[in-house]
1. Of all residues in the range 69-99, which are of a type in the set (Val, Ile, Thr) and under 18 Å from Ala210 (Cα atoms)?
2. Looking at the range 79-108 only, could you name the residues that are in contact with a strand residue (DSSP E or B) (Cβ under 6 Å, 6 or more places away or on another chain) and without any contact (Cβ under 8 Å) to a residue 60 or more places away in the chain?
3. State yes or no: is Val65 crowded, with 16+ Cβ neighbours inside 10 Å, among the β-branched types (Val, Ile, Thr), touching a residue at least 40 places away in the same chain (Cβ under 8 Å) and not in a loop (DSSP other than H, G, I, E, B)?
4. Residues to consider are Ala37, Ala42; find the one that is open to solvent by less than 30 Å² (accessible area, probe 1.4 Å), assigned to a helix (DSSP H, G or I) and among the small types (Gly, Ala, Ser).
5. Step by step: first the residues of the range 253-271, then only those that are within 14 Å of Met29 (Cβ to Cβ) and not in a loop (DSSP other than H, G, I, E, B), then the one that is modelled with the lowest pLDDT. Which residue is that?
6. Would you call Asp110 within 30 Å of Arg41 (Cβ to Cβ) and out of contact with any Cys (no Cβ under 9 Å at 6 or more places or on another chain)?
7. Taking the stated definitions as given, is Ala113 farther than 19 Å from Ser221 by Cα and in contact with a helix residue (DSSP H, G or I) (Cβ under 8 Å, 6 or more places away or on another chain)?
Amino acid sequence: MSFTVVIPARYASTRLPGKPLLDIAGKPMVQHVCERASESRAGRVVVATDDPRIQSACEAFGAEVVMTSPNHVSGTDRLEEVVRKLGLDPDHRIVNVQGDEPLIPPRLIDQVAENLDLYPEAAIATLCERLHDMEQVFNPNVVKVVFDIEGMAHYFSRAPIPWARDYWRDIGQDNLSAPNAGAALNDGAGYFRHIGIYGYRASVLSRFVAWPPAPTEQAESLEQLRALYNGARIHVEVAAGTPPAGVDTEEDLQRVRAWMAKATKTGEYGA
């Protein structure tokens, strides 16, 4: 069954204004994202934006664009507007790919879409990867996830969950090199970083935007907790490959430009 990729692309980035239009190897960043999405098994790829400059650039390279309101509080609200405007069926699958991930592997897009088919009880599907670094476990900017044997999420948190009581009884964030502190990374449940790619059933998006922010969502500043709070199940699977980091800063941009230049020269990247 076909699915649709929606790529939100905002011009007003605090750290990198006009980010979707920044040049990488002779193309705007958003074009690279569209090309990677088109290499997945998606039947349709749509850019969602509120800026006519992005609309014009995307239409110039042949992308389908849906103009959305500039007043959305979150990316999920923007996604719901796209689904409504396109008139997608309640069971249709949508994969949200961020417009600042020009190197996203297409197989990860397919993976979350396929998991919605494999787990019909899940309203949302997403990915994770195992953590092997104690500092990341304790880093609040790295979101951790705990899930059950079937891959259904129990909770997402900026805190180190689960708490390894027998290993970390006496340690804090300033004592991560304590004896046995890192043993919990490879013992027991392990620790998993959430990767922010989502697949949705269209029906959950209309419900999601009607729900008020959940207390856990407000406490952690994690929007996906609203879904769990309201009983929507989220399937989590270890990613089929390690996704390269997206572009948030000028340093990230230069890193991706350098990688792209090298890969194009060596033939590793032909798009």
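1. Going through the range 69-99, the residues of a type in the set (Val, Ile, Thr) turn out to be 73, 76, 82-83, 94-95, 97.
Residues satisfying the conditions are Val73, Thr76, Val82, Val83.
2. Within the range 79-108, Lys85 is the sole residue that qualifies.
3. Details: crowded, with 16+ Cβ neighbours inside 10 Å: yes; among the β-branched types (Val, Ile, Thr): yes; touching a residue at least 40 places away in the same chain (Cβ under 8 Å): no; not in a loop (DSSP other than H, G, I, E, B): yes.
So Val65 does not fit the description; no.
4. Working: Ala42 fails: assigned to a helix (DSSP H, G or I).
Step by step, each of Ala37, Ala42 is checked, and only Ala37 is open to solvent by less than 30 Å² (accessible area, probe 1.4 Å), assigned to a helix (DSSP H, G or I) and among the small types (Gly, Ala, Ser).
5. By that ranking, first place goes to Met260.
6. Details: within 30 Å of Arg41 (Cβ to Cβ): yes; out of contact with any Cys (no Cβ under 9 Å at 6 or more places or on another chain): yes.
Answer is yes for this residue.
7. Details: farther than 19 Å from Ser221 by Cα: yes; in contact with a helix residue (DSSP H, G or I) (Cβ under 8 Å, 6 or more places away or on another chain): no.
Against the criterion (farther than 19 Å from Ser221 by Cα and in contact with a helix residue (DSSP H, G or I) (Cβ under 8 Å, 6 or more places away or on another chain)), Ala113 does not qualify.
Residue-wise test of (1) open to solvent by less than 30 Å² (accessible area, probe 1.4 Å); (2) at positive phi; (3) not aromatic (Phe, Trp, Tyr).
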| site | (1), (2), (3) |
| --- | --- |
| Val47 | yes, no, yes |
| Arg53 | no, no, yes |
| Gln111 | yes, no, yes |
| Tyr119 | no, no, no |
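The values are calculated or read from the model by the stated rules, or taken from the named source; none is laboratory data. From a predicted model like this one, the values you see are computed outputs, not experimental measurements. Quick reminder, even Gly has a Cβ in these numbers, built from the backbone with ideal geometry, and neighbours come from all protein chains shown. Just so you know, the surface numbers come from the protein's heavy atoms only, side chains and all, with ligands and any DNA or RNA stripped out. Shrake-Rupley method; radii C 1.70, N 1.55, O 1.52, S 1.80 Å.
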